[in-house]
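Q: One structure, pasted below without further comment.
Every number here is computed from the coordinates shown, using simple stated rules; none is lab data. This is a predicted model, so every value here is computed, not measured. Note that each Cβ is placed from the backbone with ideal geometry, even for glycine, and that neighbours are counted across all protein chains shown.
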Amino acid sequence: METAAEWQNAQEILTGDLLSVILPVYHLADTVESNLMSVAACLDAGGIPYELVPVDDGSGDGTAAALRRATAARPDVIRPVLIEKNAGKGNALKEGFRASRGGYVLLLDGDLDIAPKMLPQFFDSMAQHKSDIVIGSKRHPKSNVQYPWHRRIPSFVYYSLVHLFIGLPVTDTQTGMKLFKRKPLGEALDRMLVKTYAFDLELLAIACGRGAKVSEAPVEIRFGQKFGALKVRTVREMVHDTLAVFYRLRLLHYYAKVEVPPPLEKKPFVSVVIACPAGSWMLDECLRALCDQTYRDFEVIVLPDVGAQPPAGELGYPCTVLPTGKVRPAEKRNLGIQRAKGDVVAFIDDDAFPERHWIENAVKYFSNPEIGGVGGPGVTPPNDGFLARAGGRVYENVLVSGNYRYRYVGGRVLRDVDDYPSCNLFVRTSLLRAFGGYRTDFWPGEDTLLCKSIVCDMKKRIVYDPWTIVYHHRRPLFGAHLRQLGRYAFHRGYFGKRFPEHSLHFSYFVPTLFVIYLLLLLLSLIVTPFCLPYFPHGPLGEWLLPILFILWQPMIVYLPLVAATTFSFNPVQWLVTALGVFATHVWYGVRFMQGFCARRAPCEYIGKDHA
């Protein structure tokens, strides 16, 4: 009777509905089965309808196998989600939400440091306060918390910072037990950018900003003998993410303005076009990743120079291989456009592979007829070699990419763009055919002109979506990286002169100005030793040293900035990346000016290094 009484509010709230319990798990192979059975026993005793959605965040230690065993034991309530690559707790919770079905959703840490038996009091709080969200709070007067001092101190400091900068009407944001009505949770997840440490904070900030009412409930926490010291990297990432939430919430007002597309009336069929020189392990990797897409209405068209066989095994989607001979990527993609059956063409390079929600995240924007294209970040794969990862770090560096870092780093804000590379670009097929697809008289740079046709000629928008992610293998430092960069820089300079209405931006000239500055420094080093003996006194001598002092000031600022923005606890990685940033600035500046001064842009076929 006592159990029935304490679950009364839960039973009344869930009448005709379902509770989805999403449990992110990571490296819990030894305990996850018993934890799930404990949660199931608790909810069975309450007599409420429920499902358990454990999400394995790429553990790799047997957790996935343990989840399969638990599912076999309770197939009526356990519906696991298995993520291949670790991407953080926030991403795991978002994946779990996609798979869940309930009108009410409980987010609960899978290690069960927080006791699920306190759930009835969450429903009591929801009923009493008529709230949309109930969060567990360690600071609730009825909470029973066994929490070590080395976790209490950073928890209190973090709460104080959040209260000061974000101003949420709660006493705790990080406790891993929260109950939501489905609608406010879904609306918040549609607007989120953080995948990792500040996920809870961003989630609550968005929900509260949209008018959701929040109340608190007590929790019981048994941290046990875990030491759980926070790593320096964890603290750094959490501070970074928290400041990013503050910036987007209080300064940009991003969450209030961010565009959420209306539901699609009809699912568009998508044609994925892959231009490549030949078959390779990277092409196979891309085709296999397409097998895992959550959106299934698509075909794939592969365009190699000569025949290329798809990887062995059933792909699960139509795949057409069209040998093209030795032609440039633009010509290959135009052949793909001609053969495409889809309403939307998705361009991806053969040296990239998509995240599993790649197509799903992109096609939703085509419900808006004003949107002609969608692009997303090309993130460096974590399994790339050392020099390739260093090349990725160079592109991700704010001193290299500036306002264009969103092309290489996930988690940037949704925005409209007027230029986007074809390694991750979705375009309406009708638009592509209306203006004839890619121009074939330029390579590289043909994607810049394609975007010009979409934005300037067809008057359509191109949207950058931070969740439409591909993993793009980088050219290793230094040779291959600089060769690729040099081609881009040359055509960027040429386009700045040829198509100024679209491609003439001051930021493109900055590396060239830097090269001119370096030449002035070099000249000063050569000339000064010869000049000083002749002008020890007099006006010229008095002015020479101050001029030299002023001339060296930018370099005195530049070098520490490079060191700070490329910092790594691995000294070799730090040094290589810093040298890569410097070499990138110099070579881009030289090649950009060559392109700007050139009468014509070369457009030769390069079969091996085309991307």
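Q: For the chain, what is the charge dipole size about the Cα centre, in debye to the nearest 20, if Lys and Arg each add +1 at the Cβ and Asp and Glu each add -1 at the Cβ?
A: Using only the charged Cβ atoms, the result is roughly 1320 debye.
Q: Can you list the HN-Hα couplings for the range 373-378, worked out from phi with the Karplus curve (6.51, -1.76, 1.60; θ = phi - 60°), rounded to whole Hz and with x for Gly and Pro?
A: x, 9, x, x, x, x
Q: Helix 281-291 versus the longest principal axis of the chain: what is the Cα-based angle in degrees, 0 to 90, to the nearest 10?
A: 40 degrees
Q: Can you tell me the alpha carbon radius of gyration of the range 364-507 divided by the globular rule-of-thumb value 2.2 N^0.38 Å?
A: The value comes to 1.06.
Q: Let me ask something additional. Return the inverse of the average 1/r over all pairs of distinct C-alpha atoms in the chain, which is the Kirkwood hydrodynamic radius, in Å to one decimal.
A: It works out to 27.1 Å.
Q: Can you tell me which aspartates and glutamates have their Cα less than 16 Å from the Cα of Lys267? Leave out same-chain residues fewer than eight positions away.
A: Asp297, Glu299, Asp343, Glu360
Q: DSSP loop (so not H, G, I, E, B), at most 13 other Cβ within 10 Å: list which trypsin sites (Lys or Arg not before Pro) in the range 261-326 pass both filters.
A: Counting only loop positions with at most 13 other Cβ atoms within 10 Å, the trypsin sites (Lys or Arg not before Pro) in the range 261-326 are Lys266, Arg296, Lys326.
Q: At 7 Å along the Cα-to-beta-carbon direction for both Trp281 and Ala73, put a label point, then send me their distance in nm to one decimal.
A: 3.9 nm
Q: Using per-residue counts of other Cβ atoms within 10 Å, averaged over each peptide, order 546-557, 133-144 from highest down.
A: Listed from highest to lowest mean packing, they are 133-144, 546-557.
Q: Something else now. Suppose we flag GluC sites (Glu not before Pro) only when DSSP calls them loop and at most 16 other Cβ atoms lie within 10 Å. Which is the longest uninterrupted stretch of the chain?
A: The longest uninterrupted stretch comes out as 371-603.
Q: While we're on this one: Looking at the range 421-494, which trypsin sites (Lys or Arg not before Pro) are DSSP coil and have at most 14 other C-beta atoms within 10 Å of their C-beta?
A: Passing sites in the range 421-494 are Lys459.
Q: Mind pulling the angle between the C-alpha long axis of helix 386-396 and the longest principal axis of the chain? Nearest 10 degrees, somewhere in 0 to 90.
A: Approximately 90 degrees, to the nearest 10.
Q: If you take the Cα atoms of the range 298-376, find Rg, then find the Kirkwood Rh from the mean of 1/r over all pairs, what is Rg/Rh?
A: A ratio of 0.97.
Q: Just want the ordering: Val470, Val527, Val409, from fewest to most Cβ atoms lying within 10 Å of their own Cβ.
A: Val527, Val409, Val470
Q: Just report the Cα centroid separation between the range 68-88 and the range 432-478, whole Å.
A: Result: 38 Å between the Cα centres.
Q: Now, a different point. Can you give the relative contact order of the chain as a percent, counting alpha carbon pairs under 8 Å and 6+ residues apart?
A: 11 percent
Q: Could you tell me what a quarter of the Cα convex hull surface of the range 2-257 works out to, in nm² with one decimal place?
A: So the Cα hull casts an average projection of 13.2 nm².
Q: Compute the distribution of all C-alpha to C-alpha distances in the range 73-115, in bins of 10 Å from 0, and list the percent of pairs in each, rounded to whole numbers.
A: 22, 53, 25
Q: Of Thr15, Leu112, Asn91, which is farthest towards the positive pole of the range 1-153's charge dipole, taken about the Cα centre with +1 and -1 on the beta-carbons of Lys, Arg and Asp, Glu respectively?
A: In the range 1-153, that residue is Asn91.
Q: Above 28 angstrom, tally the Cα pairs of the range 290-440 and express them as a % of all pairs, no decimals.
A: 24 percent
Q: A follow-up question, please. Have a look at the range 84-226 and give its Rg and Dmax from the Cα atoms, expressed in angstrom.
A: Cα radius of gyration and Dmax of the range 84-226 are 14.5, 41 Å respectively.
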